[in-house]
Amino acid sequence: MRVFRSFENLPIDARGAVVAIGNFDGLHLGHQTILGHARKMAAELNVPLAILTFEPHPRMIFRAGEPPFRLTSAQDRVAAAAELDIDLFYEVEFDRAFSALTAEEFITRVLVDGLGARHVVVGWDFCFGKGRAGNVDTLRAMGGKNGFGVSAVDAVTHDNGIVYSSTAIRQALREGRPEDARVLLGRPWEIGGIVIHGDARGRTIGFPTANVALGLHLRPKFGVYAVRLGLVAQDGSHGVERWIDGVANIGVRPSFGGDEEAGLEAHLFDFDRDIYDRAVRVRLIGFIRGEQKFDGLDALKAQIGRDVNTAREILAANPPVNPGI
């Protein structure tokens, strides 16, 4: 997959694609339905398949100061798209100046002059341009004048009636339901980051941990989770060298006085390698309990022992899928 950080001055062979447009936070099954339709159109037209998305997420510009909400970092979104066999990935810088483009200017400058789009695929509720004034009808009207087709994909609903959406996934994670998030995503939700040095308190009580900052990721419900930590391959592919079972606490560690910033601490089973400064992907498999404060280290150690046993049971019942991804 070829990645471009601009829509301007593209090489000829990076133009003329079927372009799916959206924020694609999480690249969940609803997004994948849009991409599936775009893939069919690309095959019919015999042109590349492309994603057009925006960084930072527009919500970070218009609703600055809100708590972190991202399901995927910019880097992880690119990696997830590559796993879906996308040919071209356009990541356009979103700022106040870009947001001031009218719908017509966006179509002319970005889709026509920039990308030379042959066909555009969006969700049924897609809005764009200054004041979100543009919609699917706007795209179709201008597409007819500028030589590109437009498809709008209806909302996709799971058997349980929930619409596949980033909003529903965020709600599931905030409520401690990673299993429901996995159903909507099509894979376990994960936090990507670098293993950093902590205060080594876990090691002193017999449960050493790998610590990962949450960064811009959404904060799921604080508590203890059964997890799988993937060591990211060091060849730049973002693939996983090895998945390791474990148990993790996400939160502010009230038993140690409480941290100012929430973090993730994962205790890995049957693993003692030094992985400081390694890139990892931590997948939430099952929620065990909420974060709580213990009266002393003995009570904490006893509860962690029980959490380890529960995590092993959850992980045994949920074997890894696509272990190399």
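Given the options ILE250, ILE194, ILE12, which has the most mean-square fluctuation in a GNM of the chain, springs set between C-alpha atoms less than 10 angstrom apart? For the chain, modelled as a Gaussian network with Cα springs under 10 Å, the answer is ILE12. Nonpolar atom fraction for the stretch 13-103, defined as the carbon and sulfur part of the 1.4 Å probe accessible area, stands at 54 percent. Shape class of the stretch 272-325 from the Cα gyration tensor (axes a ≥ b ≥ c, square roots of the eigenvalues): oblate, since a/c reaches 1.5 or more and a/b does not exceed b/c.
The DSSP beta bridges internal to the stretch 1-141 are antiparallel in roughly 5% of cases. The GluC sites (Glu not before Pro) found in the stretch 1-95 that occupy coil by DSSP, while having at most 16 further C-beta atoms within 10 Å, are GLU8. Build a GNM of the chain with springs between Cα atoms under 10 Å: which of SER99, SER166, SER73 gets the top mean-square fluctuation? Among SER99, SER166, SER73, the largest GNM mean-square fluctuation belongs to SER99.
In 10 Å bins starting at zero, report the fraction of Cα pairs in the stretch 87-197 per bin as a rounded %. In order of increasing distance, the bins hold 12, 31, 28, 24, 5, 0 percent. With only the Cα atoms considered, the chain has a convex hull volume of 142 Å³ per residue. The local environment of LEU88, defined by Cβ-Cβ distances under 13 Å, has a net charge of +1 under the rule Lys, Arg +1 and Asp, Glu -1. Exposed loop sites here are trypsin sites (Lys or Arg not before Pro) assigned a DSSP state other than H, G, I, E or B and surrounded by at most 12 other beta carbons within 10 Å; excluding them, the longest clear run of the chain is 64-272. For VAL240, neighbours were defined as the other residues whose beta-carbon sits under 13 Å from its Cβ, and their charges (Lys and Arg +1, Asp and Glu -1) total +1. Note on ILE61 and ARG242: the extension gain reaches 61.5 nm, defined as 0.36 nm multiplied by sequence separation minus the Cα-Cα distance. Annotation for the stretch 208-243: chymotrypsin sites (Phe, Trp or Tyr not before Pro) lying in DSSP loop with at most 13 further Cβ atoms inside 10 Å of their Cβ do not exist. Taking the inverse of the mean 1/r over every pair of distinct Cα atoms in the stretch 53-105 gives a Kirkwood hydrodynamic radius of 12.7 Å.
Oblate is the label for the stretch 41-136. Its Cα gyration tensor axes, ordered a ≥ b ≥ c, give a/c of at least 1.5 and b/c at or above a/b. The amide H of PHE54, built 1.01 Å from its N in the peptide plane, has VAL92 as neighbours under 5 Å, considering only residues 5 or more places off or on other chains. Of all beta bridges that DSSP places with both ends in the chain, some 65 percent have antiparallel geometry.
The values are calculated or read from the model by the stated rules, or taken from the named source; none is laboratory data. Because the structure is a prediction, the values reported are computed rather than measured. Cβ coordinates were reconstructed from backbone atoms using ideal geometry, including for glycine residues, and neighbour counts include every protein chain displayed. Side chains are part of the model used for accessible areas, which takes the heavy atoms of the whole protein and leaves out ligands, DNA and RNA. Shrake-Rupley method; radii C 1.70, N 1.55, O 1.52, S 1.80 Å.
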